[in-house]
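**Q** This is the structure I have questions about; it appears just below.
The values are calculated or read from the model by the stated rules, or taken from the named source; none is laboratory data. Computed from a predicted structure; not experimentally measured. With ideal geometry, Cβ positions are generated from the backbone for all residues, glycine too; neighbour counts draw on all protein chains shown. Only protein heavy atoms, including side chains, enter the accessible area calculation; ligands, DNA and RNA are left aside. Shrake-Rupley method; radii C 1.70, N 1.55, O 1.52, S 1.80 Å.
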Amino acid sequence: MNLSELECRTSFAAARVARLATADARGVPHLVPITFAVEGDRLLFAIDAKPKSSVRLRRLRNIEENSQVSVLTDEYDEDWEQLWWVRADGRARVLTRDLDGPRRLLRARYPQYADVALDGPVVEITVLRWSGWRYAGS
């Protein structure tokens, strides 16, 4: 069963982790898990101080080259009647100023950020389309 926009937002906001899909200017995809906060039709995630393979992250380079992104969250269960997914498609931009508000939202949602510095940029995604599905029986 397809979900309404309100059901999509509600399910997405309740999820704890999502997967961010970006692509570079040539269309080469890249997928990474993210923690996030939802504020209306805006998704926010931060580059935190956990160890990374590089300080020049591919997700940020891709967003600079191609701002179109998709973010997916889902629930898998052996009981397939519990299955659902929600995707947020939109445009991303890297914020480097006025980050206190977004960082406050992320810290409120994830207590782990009390011990992990949020000193990198924040990415803001303006959601242009919500879509989702939930098992509805046969």
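**Q** In whole percent, what relative contact order does the chain give with Cα contacts below 8 Å and a gap of six or more residues?
**A** Here the relative contact order equals 33 percent.
**Q** Still on this model: Grab the eigenvalues of the alpha-carbon gyration tensor for the chain, scale each by 5, take roots, and send me the semi-axes largest first in whole angstrom.
**A** 26, 18, 14
**Q** Now for a different question. Could you work out how much longer the chain between Ala13 and Ala49 gets when fully extended? Use 0.36 nm per residue separation minus the Cα distance between them, nm to one decimal.
**A** Additional length available on full extension: 10.6 nm.
**Q** Taking Cα pairs under 8 Å and at least six residues apart, what relative contact order does the range 1-79 come out at, in percent?
**A** Reported as a whole number, the value is 37 percent.
**Q** While we're here: Can you work out the Karplus-derived ³J(HN,Hα) for every residue in the range 127-136? Use 6.51 cos²θ - 1.76 cosθ + 1.60 with θ = phi - 60°, whole Hz, and x for glycine or proline.
**A** Calculated HN-Hα couplings, in order: 6, 9, 8, 9, 9, x, 8, 9, 4, 10 Hz.
**Q** Also: I'd like the carbon and sulfur percentage of the solvent accessible area for the range 9-138, probe radius 1.4 Å, heavy atoms only, ligands and nucleic acids excluded.
**A** The nonpolar share, carbon plus sulfur, comes to 51 percent.
**Q** With all protein chains present, calculate the accessible area of Thr10 using a 1.4 Å probe and round the result to the nearest 10 Å².
**A** Looks like 80 Å² after rounding.
**Q** Now, a different point. Count neighbours as other Cβ atoms within 10 Å of each site's Cβ, and list the trypsin sites (Lys or Arg not before Pro) in the range 1-109 that are DSSP loop with at most 11 such neighbours.
**A** Taking the range 1-109 and a limit of 11 other Cβ atoms within 10 Å, the loop trypsin sites (Lys or Arg not before Pro) found are Arg16, Arg26, Lys52, Arg56, Arg97.
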